[in-house]
Amino acid sequence: MMNFAAQWHRNRLAGSLLLIISLTISLPGHALQGRELGPVVSTDTLWRLAVQARPDDAVSMPQVVYALWRYNTAAFVDGDINKLRTGTVLQVPSRADMLTTEVAAARAWYYQAIRGQRMSALAPAAPANQQAAANKPAPASAIPTPVPQPQASSEPAVAPTAPAAVAIKADTSQPAVTTTAVQPEHAPARFSLRQQHQLSAALRYFDQTGAVGQAREHTLLSLLSDWSWQNDDGSQHFQLTPFLRWHQRDSASNLLDLRQAYWRYAASNWEFKAGNDIVFWGVSESQRLVDVINQVDMVGGVDMEARLGQPMLSFKGWNSAGTLELYLLPYFRERLFADPAGRLTTPWPVEHDIAMYESSEQRNNLDFALRWSQRFSALELGLSYFAGNSREPLLIPQQAAQQLQPYYFQMQQFGVDAQYVAGDWLWKLESIYRRSGPQEFVATTVGYEYTRVGVFNRSWDLGWLAEYQYDSRGLQAPVTGQNDIFVGWRLALNDVAGSELLFGVLQDLDRSDSRSARLEASMRLTNSLRLRLNGWLFQSDDVSDVLYNLRRDDYIELSLDYYF
């Protein structure tokens, strides 16, 4: 009888332990709240770590990513979320801390940050919105646990956006520590190296042969390498980012470019940079009016997002009055066009060897730019000025040779960009006034993005985008967007693969038969492989319309990116 009782108690105890374990495993969310995550290994990506840290579906993934960055800025080389240090241990903020940032603000911050821009901390959500977010149901494992509060960031705010689902490789040179040891007063500075490479293969398939019989299938190969050196206290940073591209059908599209090759020195509230860099300005989705520092690489995409590295000397300072950026640009980069064989370009080749300039200094003209920006609670405002060679050439037909001669006027541009967060709504504005040669005009893009978290009873986020484009030149404007409306949708699955899809349509309100549509989708297959799908559709029957030259260039592009 005694043996039976003892056995019964042992079985009951074992059953209780199994019940506790099963309940722990089946609880929604993660048990990482208020604890540590790591040490980070070389196969980790920031998105995957954020998936582990996410407490429940009521917290959006951009909120988790931003909170991890906010609490662990020292874990990122130069504060860049694309450059995570191996060996660091991340502090996981509480659920309540993640929800202190508005979903729309966190999402805008995230899409800016994945471009590699140095970002500043966001203002917390309004108290009423914080309370509403905190009242959302949370699993028991997501109950907030106090963690040390981070120090206020003094970094400047920088604007612009890009595709998500980037495989973010970790830095493999850092020791497994979370604090920086105090160095002797006269100890030599130590520089740590972080490197990452991206090899991409893209197959571009056109719906039909080109206007002059161009091929339907095009293969593009590219290699982007990234080397970063930073000393222990982060005051000095060396960056080298060469880019190499090969185009199967068009040798004019081949490119070797130093996108970044600079030295940066940073103090507590200012920094100086010398060398090649890419600077993004702007907030809108459908076009970038104020983004004028870097030249456009037209072969990189008809969305004109790809840019060439620009030689510069820059100074950036920030305090309570805002952030001031000054740029001296001593050398000009001409716009890169594909030849007709590469498609998605002009009907005749652009002959760069006979390019002309209004400035007698031509490429050596000293361009100048400045920008002031400030955050006023939920409003981010930027004012900019540029003077120098126009980034958009006038293409003059040379009938005898059947080629186009680029002419670059001098240009002055005043710009304003702003975005305002109101709950789940993000309102955007970009506007410019430009004088360039005989032209003087105003252009504006204004719109919004509304994000709904947890659609279809899933952890998915769905964003609605709408923007209006205006150009005072009307139908004489040599670009799209003179009187157009853009409508789009962005779906983020918030899965480990970082799957996202963006679809948008741009309709010309002056020409009912003129429109374009775009599709962007991406997902990670592994930590080292990312699959991307891009597509464009062009429709126009008006020979004076910019889209008319692309009427036979509808295409789908499948790309595979390998990170190593």
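For the range 363-423, the dipole from Cβ point charges (+1 on Lys and Arg, -1 on Asp and Glu) about the Cα centre works out to 100 debye, to the nearest 20.
Answer rounded, prolate or oblate for the range 377-499, using the Cα gyration tensor with square roots of eigenvalues a ≥ b ≥ c: rounded when a/c is under 1.5, else prolate when a/b is larger than b/c, else oblate. Prolate.
The order of the peptides 508-516, 351-359 by mean Cβ neighbours within 10 Å, most packed first, is 508-516, 351-359.
Descending by average beta-carbon neighbour count within 10 Å, the peptides 447-453, 256-262, 45-51 line up as 45-51, 447-453, 256-262, the highest first. Less than 20 Å from a label point 7 Å out along the Cα-to-Cβ axis of Asp510: which backbone N atoms in the range 478-496 qualify, by residue? Flagged as within label range: 478-487.
Peptides 52-60, 263-271, 544-552 ranked from most to least packed, by the mean per-residue count of other Cβ atoms within 10 Å: 52-60, 544-552, 263-271.
For the range 430-564, what class follows from the C-alpha gyration tensor (a ≥ b ≥ c being the square roots of its eigenvalues): rounded when a/c is under 1.5, otherwise prolate if a/b is larger than b/c, else oblate? Since a/c reaches 1.5 and a/b is larger than b/c, the shape of the range 430-564 is classed as prolate. With unit charges on the beta carbon (Lys/Arg positive, Asp/Glu negative), name the residue among Phe332, Gly317, Gln399 whose Cα is farthest towards the positive pole of the charge dipole of the range 274-408. Sorting the options by dipole projection puts first Gly317. Taking a ≥ b ≥ c as the square roots of the eigenvalues of the alpha-carbon gyration tensor, the range 465-534 is classed prolate because a/c is 1.5 or more and a/b outweighs b/c.
Each reported figure results from applying straightforward, stated rules to the coordinates on display, with no laboratory input. As the structure is a prediction and not an experimental result, all values here were calculated from the model. Reconstructed Cβ throughout: ideal geometry from the backbone, glycine too, with neighbour counts over all protein chains shown.
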